[in-house]
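One structure is given here, and the rest of the page talks about it.
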Amino acid sequence: MNKRLLTCLFSVSCVLGVSNPAWAADKVTIFAAASLTNAMNEVAAVYKEKTGMKSTLSFASSSTLARQIAQGAPADIYLSANEKWMDYVEKQQAIEPQSRKSLLKNSLVLVAPDAYPADKIEVNASWDIAKALDGTRLATGDPKHVPAGIYAKESLENIGLWQKASPLLARANNVRSALLLVEKQEAMLGIVYKTDALISDKVKVVAELPNNSHAAITYPIAIVKDKSDEQVEAYYEFLQSDQAREIFEKYGFGVN
């Protein structure tokens, strides 16, 4: 067998190997909002112990992940931190629409470093936010595209604080980056999800933003277009199981 024939056979075997469903099904890839990092890491560990199935988890802002999925990124399941970005991938025909469900709930809180002098802040239209920030900025997700920032902007607008707060924002590319700014005291206050505040031992909650000041914070889930095989569907169902529910609730999420 000459060298050229061997090369051809090797190339054919590679193509067949890549397209082989058995090869592709050895793991499930999940794109999830950054605020789900801790909870999903535990869910993945429990699922691997239960089934032997590995997970590849990619965490970022819901907007970043949605755009990647729409451009063909190799995700199997998408978990967004708001309905807007799930609407986006659905309009792009990048998910299986019948698989879309509202899975989780969350709320917004105002956090400060543990050393911050005040333990409670009254967030209302007369609050002197510049004084409270003491020369720093208010950290939150970028309101242009990060769900936590979108909710924060809506809340501040309804409270009557947006005009004061907008020039003072530290606009992070995801909610965990906003939390980190407060943990490092680069921002003396930040608006994050309640679940983010609960996982940090470096910040304290100084106010809860009223749930009626912003749209309901929901986390929809869906299977990515043409990825609905046996392994993906099993993982998708597990994410809605009682066992997964207990993990999500442990991290402060409400479960629908």
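The values are calculated or read from the model by the stated rules, or taken from the named source; none is laboratory data. This one's a predicted model, so the numbers in the text were calculated from it and none came from an experiment. Note that we place each Cβ from the backbone using ideal geometry, even for glycine, and neighbour counts take in every protein chain shown.
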Q. Considering only the stretch 62-84, how many residues are more than 20 Å from residue 240 (Cα to Cα) and either at pLDDT below 95 or not polar (S, T, N, Q) (or both)?
A. 9
Q: Considering every residue within the stretch 234-251, establish whether at least one is aliphatic (A, V, I, L, M) and either over 19 Å from residue 38 (Cα atoms) or touching a His at 6+ places or on another chain (Cβ under 6 Å) (or both).
A: yes
**Q.** Criterion (touching a residue at least 40 places away in the same chain (Cβ under 8 Å), in contact with a strand residue (DSSP E or B) (Cβ under 8 Å, 6 or more places away or on another chain) and farther than 20 Å from residue 105 by Cβ) met by exactly one of 223, 217
**A.** 223
Q: Count, please, the residues in the stretch 71-87 that happen to be surrounded by fewer than 18 Cβ atoms within 10 Å (Cβ to Cβ) and in contact (Cβ under 8 Å) with a residue 12 or more places away in the chain.
A: 3
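Could you tell me which of the residues 134, 128, 119, 142 is among the charged types (D, E, K, R) and closer than 30 Å to residue 245 by Cα?
Sole residue among the options that is among the charged types (D, E, K, R) and closer than 30 Å to residue 245 by Cα: 142.
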